[in-house]
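Below is one structure; the comments refer to it alone.
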Amino acid sequence: MRQSIIDFIFLWSNYNKFLRSHGREYAVILLGIFSQLIFYILYPLIFKYIFDQIVPNKDFDQLVAYAVGIVILLVTCGFGAYIQTKYMAHVGGKILSDLRSQMVSKFHNLSFSFYAGVDSVDLLSRFSNDMDKLENSLTRALPSLLESILITIGCLVTIFFIDWRLAVSAGILIPIGFSANSILGPREDRLNSESRQQKNSMLMVVSDFINSWLLIRAFNDKVHVKKRFDLSNDNYTKTSSNYSYCSNITPVFSDYGVNASLAVIVVVGAILTMKGALTAGSFIGCFALLRKVADGSAKSAKNYTTFINALRPYKRIQKLLAEEEIAGDRHDSVELYPLKSDIVFKNVSFGYGAGQLAIDDISFSIKKGNSVAIVGTSGSGKSTLLKLIMRIVEPSCGSILYDGINLDLASVASVRRHSSMVLQESHVLRGTIVENIRYGSDGISDERLYDAAERAGIHDFITQLPLGYETVINDRGSSLSGGQRQRIAIARAFAHDPPLLFLDEPTSMLDPINEAAINDTFTKLTGGRTVILVSHRLATSRDFDKILVLHKGKLIEEGNHHELMAMDGFYRTMWDKQNGFMISAEGNAKITPERLRLIPIFSNLELQVLSDLAGQFDTEAFEAGVRIIQEGAPGDKFYIAVRGNLKVLKKDPDGREVELAVLSDGDHFGEIALMKSVARTASIEALSHTSCLSLSRERFNRLVGTQPELFKALTEAMAARFTA
């Protein structure tokens, strides 16, 4: 009970704060509520006077006068109810609109770590389920609850002045009717929370199905997905049914409890009347007041449940609004102008949380007009370094200087104004193609926009569409190919015409043919600009002025391609791993014997044997989300990644898949399948369009039949690898 009172006061005080910000409308709402209080108190008192004074005296003139007064009271208070309802709906809508707007504004200032750990379904529920409960609580339950409480108290006080004995009886018996609410209320609140959680879990399963339909169909995994859904659906159905039962039965018990109490009070009143201790008019007036008390009590119980059910949703919304924000502009921030000299990193470090630093004590410089590539293996800190340059995240220590100005002193708007970006995943928004190309700058003219699309190689495609540039792109641009989405992103960068251009793995999601075409377009885009590229594909950055090589958050090598190759270090190893492949215009890949020898299990084979082995590989292409290897399935192929990114997944003891590593160009997997049929120890899934060379055990065995030494050499290499 004590906690219920605390929760009520907390929610009411917050609602009151919102309503007070709309002072005039709030005053009208309160005036409307008090008009109802006046009506429900005066109405029974008029009945009392009519039956005690007018009827015994047969005063028809006074009866007519009171009848006119009743009509005036009905019209006046009815108008008050109308105004109160209208203004409450208007003010409540504005308050909820402001809350939604605050949440969206908050999204602009939340940290990268927040988005990395948030569940999108749970976040969207703030705008759907949570706001629905808040709307019901604020605009419907709150005014009705306040009105019911005031009327109940007012009627009880009025009964007290008519006959204190009836008032005391009502004061004792009426609360009994609320016992169901106090008993079932906490359980209802708990079931409400559980039901919401189970609903979100069910929606996540449905979302997984929609986003992974290609994977599910490729593995014909209908049974597993259906089991997951049935389990989550059954859990949601159970908690939802329990919540519905509890929320519906509470007002029923309250209503019957209140009416039982009312019946006892009526019997007491009838006894007092028959004994002459209470007049007939007083009894009729008290009965009308008691009827309103009973009605108000039942409504209060029902409205209280609806009102308090918004407590958890409101706290969830407040928790989102209280999330820590990224650093904004300082009070002494300065405007940046187009780069004139250089960008300098001085001993910069950064970490997303406790533990290992993503960027560890890095120093380098980028001169105006130069092209600089940031390369390294997955998880080396490439994208984090780019985010630091773009001021999406702030360094933990060290400084970033832009023409000698510390970047944390610059206004965020000026940093964005003089730069543009093309990201790894080509983001397009719901809206027309024009809106997507103009995104971020509505001042771009039509001529400049069309020229940007022409230079990006997308103009002809757009003009062939029925609505041309006014064609509406659906969710995440799924109606467009990967190359078309990327060209729209490039057109956006052309249209903005930035002096500083950021490219984050811009071709990693594309097939080889589109990649080559997009790279030609980038050559046009980068001319005369300062370009900073993040890429794991070294061939993309071969002609760049400077290449920064990262490994485990540290800058380990720096120079142009020729200088880095001469160092014969980490960059050279990466280059050798990614090269030795040929891809035809049709997308068919081949591997050279020399490149095949770099794979440990083939390192001791003669070049002629490797040449014969290389001819046995087939090309396989996989779209993002396709499962290439399934943990536990029998293995019969060995794979070499030619282009693309893949993730390695393994189930933990609870059966949940955990990402172990990310594979990229030149990596290989599944070699043990060449020797014998064993269950796969992990799953491999494509993160982007991926081209692989595959060698089946059947083909390998046919080759072994003609070259027995191949099997012997491979067996020895495999044994050496697993005993090392």
Report, to the nearest 10°, how far helix 142-162 tilts away from the longest principal axis of the Cα atoms in the chain, using its own Cα long axis and a range of 0 to 90°. 20
Taking all pairs of distinct Cα atoms, average 1/r, flip it, and tell me the Kirkwood hydrodynamic radius of the range 2-321 in Å to one decimal place. 23.1
Phi-based couplings in Hz for the range 285-296 (Karplus 6.51, -1.76, 1.60; Gly and Pro marked x): x, 5, 4, 5, 5, 5, 4, 6, 4, 5, 5, x
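Provide the convex hull volume over Cα atoms per residue for the range 342-560, in Å³.
Values: hull volume 27.2 nm³, N = 219.
Here the figure is 124 Å³ per residue.
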Longest principal axis of the chain (C-alpha) makes with the long axis of helix 482-496 (C-alpha) an angle, in degrees to the nearest 10, of 80
In nm, the gap between the two label points placed 7 Å beyond Cα toward Cβ at N242 and L123 is 3.1
For the range 233-244, Karplus couplings with θ = phi - 60° (6.51, -1.76, 1.60), whole Hz, Gly/Pro x: 5, 5, 5, 5, 4, 5, 5, 5, 5, 4, 5, 4
Size of the range 226-308 along its principal axes in angstrom, Cα-based, largest extent first? 74, 20, 13
Taking the radius of gyration and the Kirkwood hydrodynamic radius from Cα positions alone, what is the Rg/Rh ratio for the range 581-723, to two decimal places? 0.97
Per residue, the convex hull volume that the Cα atoms of the chain enclose (Å³): 220
Amide H neighbours of V534 under 5 Å, at least 5 residues apart or on other chains, H built in the peptide plane: list them. I374, L503, D504, E505
The range 25-57 and the range 62-97 have their Cα centres apart by a whole-number Å value of 13
Can you tell me which lysines have their Cα less than 23 Å from the Cα of K227? Leave out same-chain residues fewer than eight positions away. K199, K238, K650, K651
Spacing of the two label points (7 Å from each Cα toward its C-beta) at N588 and M274, in nm: 10.7
Take every Cα-Cα distance within the range 399-452, group them into 10 Å bins from 0 onward, and report for each bin the whole-number percent of pairs it holds. 18, 40, 27, 15, 0
Please report how far the C-alpha centroid of the range 612-667 lies from that of the range 359-436, rounded to the nearest whole angstrom. 31
Place a point 7 Å from the Cα of K106 in the direction of its beta carbon; the residues of the range 133-162 whose amide N falls under 16 Å from it are 133-135
Give the lysines reachable from K299 as a straight Cα distance under 24 Å; neighbours fewer than 8 places away on the same chain don't count. K86, K133
Return one number: the angle in degrees, 0 to 90 and rounded to the nearest 10, between the long axis of the Cα atoms of helix 2-20 and the longest principal axis of the Cα atoms of the chain. 80
Angstrom value of the Kirkwood radius, inverse mean 1/r, which spans all Cα pairs in the range 529-642: 16.8
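Every number in this text was worked out from the coordinates using simple rules, so none of it is lab data. These figures come from a predicted structure and were not determined experimentally. Here Cβ is always computed from backbone atoms with ideal geometry, including for glycine, and neighbour counts include all displayed protein chains.
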